[in-house]
Amino acid sequence: MTRTTIRLRNSLSRKVEPFVPIDPENLRLYLCGPTVYDRAHLGNARPVVVFDVLNRLLRHVYGAHQVTYVRNFTDVDDKINATALARKNAGADSSLEALIRERTEETIRWYHEDMDALGADRPDHEPRATDYIDAMIRMIAGLIESGHAYAAQGHVMFRVRSFAEYGKLSGRSVDDMIAGARVEVAPYKEDPMDFVMWKPSDDELPGWDSPWGRGRPGWHIECSAMSYELFGDSFDIHGGGIDLQFPHHENEMAQSCCAHPQGDFARYWLHNEMLQVEGKKMSKSLGNFFTVRDLLDQGIPGEVIRFVFLQTHYAKPMDWTAEKARQAEVTLRKWHALTAGIEPAASAAPSVVDALADDLNTAGAIAALHALRDPAVLKASAHLLGLLQTDMAGWAQTADVDLTMWADKLADLRTAAMQTKDFAPVDALKQALVAAGVEVRMSKAGVELLPGAGFDPSQLPEL
RNA sequence: GGCGAGUUGGCGGAGUGGUGACGCAGCGGAUUGCAAAUCCGCGUACAGGAGUUCGAUUCUCCUACUCGCCUCCA
């Protein structure tokens, strides 16, 4: 049996390439996770869902135990520090370090809740930057030793000019970027493009002892250090939002490739495009900024959010609209009803697998799902996309309320009305039931009442 | 300024060098006391221009427009 060939768009080559794992028995997947300073906004969820599907596909093709999925938590960050400091100044009776830990713990808990609601499987490892400070220091020290970095005024900088490939991932040249003048010039920098790997901390900031004094790591080094500790000097796929391509991933690559020149760092880079809301960039200033939790609290099920995400290919900008959410809900309700109580088939439909293998064509996979006629196959295939999972079906389940009394009453009124030709009482009860969210079906065979989309038992009419 | 993505019917969107998916909405019909649900049927869309070709929505070039990233940011 030949194994499905997965094709992926590799940011490094800017082409869709066949995916060939380094070791088919040990696939390694790294996704840049969140900085845990606050609730995840909707855009944060996109790479999570994209990678969740990739993870499912890889496990489907290579075997569940052959894939290791890592997603980090960035818990060293000035916004976290600021929150902790604010709590300290507001009279909190703990150390700054404890307040920071408290803030990151609560944010991670929220993150888990919200991503779980989207049906995203937890990664195999979720390393926290603060647990890998030693590894970062080791890597930085090594880079200084090999001449790729230098210490100055308590900082350690990466010497961008020492890495000939710098700019390869994001398709830009160091000279062009300097010409663009969007770089910070600092006295401790040899070159304006050099970036910080380690920076000093004052007493108001968390810090760790290092050969360069008490300080904290720059942003990029954590992924380099953690991926090395967990995966070694080469791994298969590294992902994140397209906005991370530069500078974050470019810098990671520079650090890692210089620190471990014998390795490749990441073979394939997968970047998802940005999210928009009703055709516009999501931003606080436009007032269209919201979190995953906001949507969930509005009663939009996580599965619906997931479906909307998957309708757009990850490499295209995705537009979140209320109308899409509405349509997604209709479709999912239909499928849930179709597959309720049905055992999923042994394997997913080839049409769905093929669509996903083609650079994660999730929209094509959904199209293929629509074409499936066998509910068991539909269910199994939807599972590959993380849809129609039983633990997510709760929202679509029809409320478990016995409507027999109302059905009987309606049937009686109808029978009587057939004689008297006065249908007003029938219509009155029917409308009341519809208002309560009940779907009313009357036919020659009799009356059938089904709880519908907005069913609210408290709105049922009195008898 | 640098880099990149996109433009398919009312909306969302798949896909293809030659019989124009699918979903939602809409319309007509069957059915129904009326509806709902269901079933049947309908729509003649691929930004514009030039080129390659027997033939292009699908390939090439140009133009227009939209959007994103380049700064903490997924």
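The values are calculated or read from the model by the stated rules, or taken from the named source; none is laboratory data. Note that the structure is a prediction, hence the values are computed from the model and not measured. Neighbour counts are summed over all protein chains in view; Cβ atoms, including those assigned to glycine, are modelled from backbone coordinates with ideal geometry.
Details
- Pairing each residue of the stretch A:1-30 that is free of Cβ contacts under 8 Å to residues at least 24 places away in the same chain with any residue that is of a type in the set (S, T, N, Q), provided the two are 6+ apart or on different chains, yields C-beta distances under 8 Å for A:Pro18/A:Thr5.
- Test: A:Glu97 is in a helix (DSSP H, G or I) and more than 23 Å from A:Gly218 (Cβ to Cβ): no
- Residues being modelled with pLDDT of 90 or more, assigned to a loop (DSSP other than H, G, I, E, B) and hydrophobic (A, V, I, L, M, F, W, C) - total across the stretch A:1-45: 7
- So A:Asp52, is it of a type in the set (Asp, Glu) and surrounded by 22 or more Cβ atoms within 10 Å (Cβ to Cβ): yes
- In the stretch A:1-17 there is no residue that is exposed (fewer than 13 other Cβ atoms within 10 Å of the Cβ), among the acidic types (Asp, Glu) and either in contact with a Leu (Cβ under 7 Å, 6 or more places away or on another chain) or under 21 Å from A:Arg56 (Cα atoms) (or both).
- Any chance A:Phe158 is in contact with a Pro (Cβ under 8 Å, 6 or more places away or on another chain), among the aromatic types (Phe, Trp, Tyr) and in the same structural domain as A:Tyr228 (by TED's automatic domain parsing): no
- Residues that are more than 9 Å from RNA strand B (Cβ to nearest atom), assigned to a loop (DSSP other than H, G, I, E, B) and on the phi < 0 side of the Ramachandran plot, drawn from the stretch A:250-285: A:His260, A:Pro261, A:Gln262, A:Gly263, A:Asp264, A:Lys284, A:Ser285
For every residue, the table says whether it meets (1) out of contact with any strand residue (DSSP E or B) (no Cβ under 9 Å at 6 or more places or on another chain); (2) hydrophobic (A, V, I, L, M, F, W, C).
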residue	(1), (2)
A:Leu413	yes, yes
A:Thr420	yes, no
A:Glu448	no, no
A:Leu463	yes, yes
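- Qualifying residues in the stretch A:338-368 (those that are in contact with an Asp or Glu (Cβ under 9 Å, 6 or more places away or on another chain) and more than 8 Å from RNA strand B (Cβ to nearest atom)) - the one farthest from A:Leu384 (Cα to Cα): A:Ala345
- Number of positions in the stretch A:424-438 that are part of a helix (DSSP H, G or I) and touching a residue at least 24 places away in the same chain (Cβ under 8 Å): 4
- Looking only at the stretch A:439-449, and only at residues there that are in contact (Cβ under 8 Å) with a residue 24 or more places away in the chain and exposed (fewer than 15 other Cβ atoms within 10 Å of the Cβ), the one that is farthest from RNA strand B (Cβ to nearest atom): A:Gly446
- None of A:Tyr111, A:Tyr69, A:Tyr30 is in contact with a Cys (Cβ under 9 Å, 6 or more places away or on another chain) and not charged (D, E, K, R) except A:Tyr30.
- The selection criterion, being touching a residue at least 12 places away in the same chain (Cβ under 8 Å), more than 48 Å from the chain's Cα centre (by Cα) and farther than 30 Å from A:Thr331 by Cα, does not hold for A:Lys421.
- Verdict on A:Leu296 being within 29 Å of A:Leu58 (Cβ to Cβ), under 19 Å from the mean Cα position of the chain (by Cα) and away from RNA strand B (no atom under 12 Å from the Cβ): yes
- One residue stands out among those in the stretch A:450-461 that are more than 12 Å from A:Trp395 (Cα to Cα) and in contact with a strand residue (DSSP E or B) (Cβ under 7 Å, 6 or more places away or on another chain): the one that is surrounded by the fewest Cβ atoms within 10 Å (Cβ to Cβ), which is A:Leu450.
- Search result, residues across the stretch A:317-337 that are aliphatic (A, V, I, L, M) and either crowded, with 19+ Cβ neighbours inside 10 Å or more than 10 Å from RNA strand B (Cβ to nearest atom) (or both): A:Met318, A:Ala322, A:Ala325, A:Ala328, A:Leu332
- Number of residues in the stretch A:46-77 that are hydrophobic (A, V, I, L, M, F, W, C) and either within 24 Å of A:Gly218 (Cα to Cα) or assigned to a strand (DSSP E or B) (or both): the value is 5.
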